[in-house]
Structures are given as C-alpha cells and as structure tokens.
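Visitor: Below are the structure tokens for one structure; questions will follow.
The values are calculated or read from the model by the stated rules, or taken from the named source; none is laboratory data. Every value quoted in this text rests on a predicted model; they were computed, and no experiment measured them. When we count neighbours, we look across all protein chains shown, and the Cβ atoms used for this are built from the backbone with ideal geometry, even at glycine.
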Amino acid sequence: MSNNNKKVLVAISGGLDSSAAAFILKKQGYDLIGVYFRIGVVQDKIGEEAARKVCRFLNIPFFPINLSYQFKKEIIDYFIDEYSRGLTPNPCVRCNKLIKFGKLFKIAKNLSADFMATGHYIKKESTKNKIALLKAKDILKDQSYFLYNLNQEILKNTLFPCGEYTKKEIRKIAEQNKIPFLKSESQDICFLNEDGKIIDHNDFLKKNIKLKSGPIKTLDNKEIGQHQGLPLYTIGQRKGIEIGGTGPFYALKKDYKNNTLYVVNNLNDSALFAQDFIINNVNWISGLKPEFPFDCEVVIRYRHKAVKCSVNFSKVGKKYIVNLHEPQRAISPGQSAVFYRGDELIGGGIIVL
C-alpha cells in the first residue's frame, strides 16, 4: 500500500533521533507535519530553532505548540510532590503518557492525521489479535521501559522509525544526508537544566521542597549522624550520606513519622533486598488483564537487568503482587516495574512497597 497522501504528525525535538525519524518517513513517501512542544524549560529556544531548521530542510510544515502549563502541572509539580512524600518518581514515564503521546495523539486526531510518529527506540508488531510492543533493534538504546502506558489505539496510530535501526545507523543516516540536527544529546530529566548547565538533582529538590534535617540511625537504633532532609535520599543510595570517619553507608528506609533515615553499612546487606512487592496504576499493552498468576520478567528500574517473576492479583484489597524468583536490591516505591516476555513489553505499574 502506498504511503502517498498518508498524513503523519511527527514530534520533532531538533535532536538526532526525531530528526532522523522524520527524514526516514519522508523518504517512505508520507506527508509530514512537524510538531514541537514548548514545555517551558531552558533549552526550549535552542530546541525549537533546531526543530524549525529540520522541518525547513525536509520542506514540511512546522508547528510549535505551547504545553508549558501542562508540563509544569503534570510533570514538574508531580516530580516535586512525589519526592516530598518520600517516593522516587519517574517523570519520563509520566511525560510519555500525558505529554509526548497523550497530547500528540489528541492533536493528530484533531488534524485528521493518519498516524503520529516519534523518535523513540521501540518496535511494534501487528498480529491477528493485537499490536505487540517490542524492544528496539538497538538494545542499548531501547526505550520500552518508559512506554508501558501505551494502549492499542495509540499503537495502531503510531510509527516508530528508529526502532528498526541502531543508534549508530541512525546517526549515519542523519550525517550522510546532512540533516541539521542538534549535536548535543538530551538529558534524562529535561527540566534539570539552568542556563545551559545541568542542575544537581538534590539542588533542585532543595530549592523546591521545605526540608528538615533529622537523625541517621542504624537498624539497632544507634544514631550516627544527621541527614539533610528525607526527600534527598533514595533507597540503596550511598551518595550524600556523609558520616565522618566511618562508612560507607547505604539508605535503607525513611521513617517520615519520626524524620529518621535508617542506613546499613554493607552494599549487600540482606535488609536492602526484597523478594516481593505491590504495584498499582497498572496498564496492560493488550488492553486485557492476563490470567493470574502468570510468569514473566520484570525490570524494576531503567537499565536494570530483567529478572524472572510471578505476578498475581489479590481480590482482597484489589492489589497486584509481584513475587521475584530471586531477591533484588533497593526496590524503590514510586519507580516503575515493567513486565516483559522475551522482547515483548506486556505492561507495567508503579511500585507501592
């Protein structure tokens, strides 16, 4: 089937991946419209100008859309609120759901576009009963972990050109065809940037959360130091736990009622490991709940190795329970647990405890 006259709304950031994705789709004969989301971060002007140049180079329409209010409310405020409640959020997961795909999909429908497209490294495969979401060809650049909230309707209407290439191949395509993309790579958390400089994660939290220092204690309740504020610590972390003359120490748990940080001094202390946890806000890519219990693999944080697990649903309390075949270290409430069967992404949810 010819792609001629098939309208595609393509998200263009000005960076390598989205620019190359647009170029590939143009070569395939699609009729493209370039969209840039203004999200109110420092690098917006640079990114927008780069995206505009790419669209001019490809001879396609360019539309900047202001989403700065929504981005602050849905992503930045969420990020701050989650940390203030003692959780470890994943803003990229939420941004993909609500902004990058959620808003793009609505705009595509309003413009009667046949498809939308992004520069994500991910693949999809249509079968008789569903559209499956698969890891990218370049496993080191695979972004499936961040996309477990996608559904069948969005997948049906989305193209992922970069998923069929390695990052090296994408760069070669862009350079050989002289696409004017931004040479700098985007950072993980885009709003941690000030005047072109990356802001330290904790410095950002210190500016936006009222922190209260308190005791650092060992499991036998011995006080060994003072923390700077519980939101600054993530389960399992070593950095920032500064106790002179001894250590290293690793954050074990945060007691908000007593404003106390509990630590252990062994990276592999059994107290840092857990074999099961509960998740909520679950999404299944197929749109259908699996038959419980079922076995699969789970990734408990980005770039963490997938481990075998069993997933069950308890009607008592209506909660999803994940049982790991082998205990894992530093499972952090607020992070995403994402499920796979081999290369297929089947769903995920937010770790509760």
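Visitor: When the residues of the range 314-324 are filtered to those that are of a type outside the set (K, R) and surrounded by fewer than 16 Cβ atoms within 10 Å (Cβ to Cβ), which remaining residue is modelled with the highest pLDDT?
Guide: Out of the qualifying residues, it is N323.
Visitor: Then there's this: Hey, which of the helices (runs of 4 or more DSSP H) in the range 29-126, taking only ones fully inside, have at least 1 residues that are aromatic (F, W, Y) and without any contact (Cβ under 8 Å) to a residue 40 or more places away in the chain?
Guide: Result: 68-71, 77-84.
Visitor: Filtering the range 271-303 down to residues that are of a type outside the set (K, R) and without any contact (Cβ under 8 Å) to a residue 40 or more places away in the chain, which residue is nearest to A330 (Cα to Cα)?
Guide: So, considering only residues that are of a type outside the set (K, R) and without any contact (Cβ under 8 Å) to a residue 40 or more places away in the chain, the one nearest to A330 (Cα to Cα) is D295.
Visitor: Next question. State all residues of the range 333-349 that are over 16 Å from S310 (Cβ atoms) and of a type outside the set (G, A, S); if no residue qualifies, say none.
Guide: Scanning the range 333-349 gives P333, Q335, D343, E344, L345.
Visitor: Sticking with this structure for a sec: Report every pair of residues separated by at least 6 positions or lying on different chains whose Cβ atoms are under 6 Å apart, first residue within the range 210-222 and under 11 Å from D255 (Cβ atoms), second exposed (fewer than 12 other Cβ atoms within 10 Å of the Cβ).
Guide: P215/E223; K217/E223
Visitor: In the list K239, K254, which residue meets the criterion of being buried (at least 19 other Cβ atoms within 10 Å of the Cβ) and closer than 20 Å to N90 by Cα?
Guide: Every option except K254 fails the conditions.
Visitor: When residues of the range 139-166 are filtered for being surrounded by fewer than 18 Cβ atoms within 10 Å (Cβ to Cβ) and in contact with a Lys or Arg (Cβ under 7 Å, 6 or more places away or on another chain), how many remain?
Guide: 3
Visitor: Shifting gears a bit: Could you tell me whether the range 179-190 includes any residue that is of a type outside the set (D, E), closer than 20 Å to G347 by Cβ and surrounded by 14 or more Cβ atoms within 10 Å (Cβ to Cβ)?
Guide: So far as the range 179-190 goes, no, none of its residues is of a type outside the set (D, E), closer than 20 Å to G347 by Cβ and surrounded by 14 or more Cβ atoms within 10 Å (Cβ to Cβ).
Visitor: OK, next. State whether one or more residues within the range 81-91 are assigned by TED's automatic domain parsing to the domain that holds G34, farther than 18 Å from I12 by Cβ, loosely packed, with under 15 Cβ neighbours inside 10 Å and out of contact with any helix residue (DSSP H, G or I) (no Cβ under 6 Å at 6 or more places or on another chain).
Guide: Yes; the residues of the range 81-91 include at least one that is assigned by TED's automatic domain parsing to the domain that holds G34, farther than 18 Å from I12 by Cβ, loosely packed, with under 15 Cβ neighbours inside 10 Å and out of contact with any helix residue (DSSP H, G or I) (no Cβ under 6 Å at 6 or more places or on another chain).
Visitor: Of all the residues that make up the range 215-261, how many are among the small types (G, A, S), touching a helix residue (DSSP H, G or I) at 6+ places or on another chain (Cβ under 8 Å) and more than 25 Å from D77 (Cα to Cα)?
Guide: Counting residues in the range 215-261 that are among the small types (G, A, S), touching a helix residue (DSSP H, G or I) at 6+ places or on another chain (Cβ under 8 Å) and more than 25 Å from D77 (Cα to Cα) gives 0.
So that you can scan it fast, the table gives a plain yes or no per residue for (1) over 23 Å from F115 (Cα atoms); (2) modelled with pLDDT of 95 or more:
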| residue | (1), (2) |
| --- | --- |
| S13 | no, no |
| S19 | no, yes |
| G34 | no, yes |
| D44 | yes, no |
| R52 | no, yes |
| C55 | no, yes |
| L58 | no, yes |
| Y69 | yes, no |
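Conditions (1) in the same structural domain as R56 (by TED's automatic domain parsing); (2) assigned to a loop (DSSP other than H, G, I, E, B); (3) farther than 30 Å from K257 by Cβ, marked per residue:
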{"site": "L140", "(1), (2), (3)": "yes, yes, yes"}
{"site": "E153", "(1), (2), (3)": "yes, no, yes"}
{"site": "C190", "(1), (2), (3)": "yes, yes, yes"}
{"site": "K206", "(1), (2), (3)": "no, no, no"}
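Visitor: Could you say which residue among G247, G334 is outside the structural domain of C92 (by TED's automatic domain parsing), assigned to a loop (DSSP other than H, G, I, E, B) and either surrounded by 19 or more Cβ atoms within 10 Å (Cβ to Cβ) or touching a residue at least 60 places away in the same chain (Cβ under 8 Å) (or both)?
Guide: G334
Visitor: Return only the number of the condition from (1) surrounded by 19 or more Cβ atoms within 10 Å (Cβ to Cβ); (2) touching a Leu at 6+ places or on another chain (Cβ under 8 Å) that S18 does not satisfy.
Guide: Among (1) surrounded by 19 or more Cβ atoms within 10 Å (Cβ to Cβ); (2) touching a Leu at 6+ places or on another chain (Cβ under 8 Å), the lone unmet condition for S18 is (2).
Visitor: Answer yes if at least one residue in the range 209-217 is surrounded by 15 or more Cβ atoms within 10 Å (Cβ to Cβ), in contact with an Asp or Glu (Cβ under 6 Å, 6 or more places away or on another chain) and not assigned by TED's automatic domain parsing to the domain that holds D81, and no otherwise.
Guide: Yes.
Visitor: With respect to Y320, is the statement that it is in contact with a strand residue (DSSP E or B) (Cβ under 6 Å, 6 or more places away or on another chain), in contact (Cβ under 8 Å) with a residue 12 or more places away in the chain and not assigned by TED's automatic domain parsing to the domain that holds G236 true?
Guide: yes
Visitor: Oh, and also: Considering each of A132, A50, A113, A108 in turn, give the residue that is under 18 Å from I285 (Cα atoms), buried (at least 18 other Cβ atoms within 10 Å of the Cβ) and of a type in the set (G, A, S).
Guide: Just one listed residue meets the conditions, A132.
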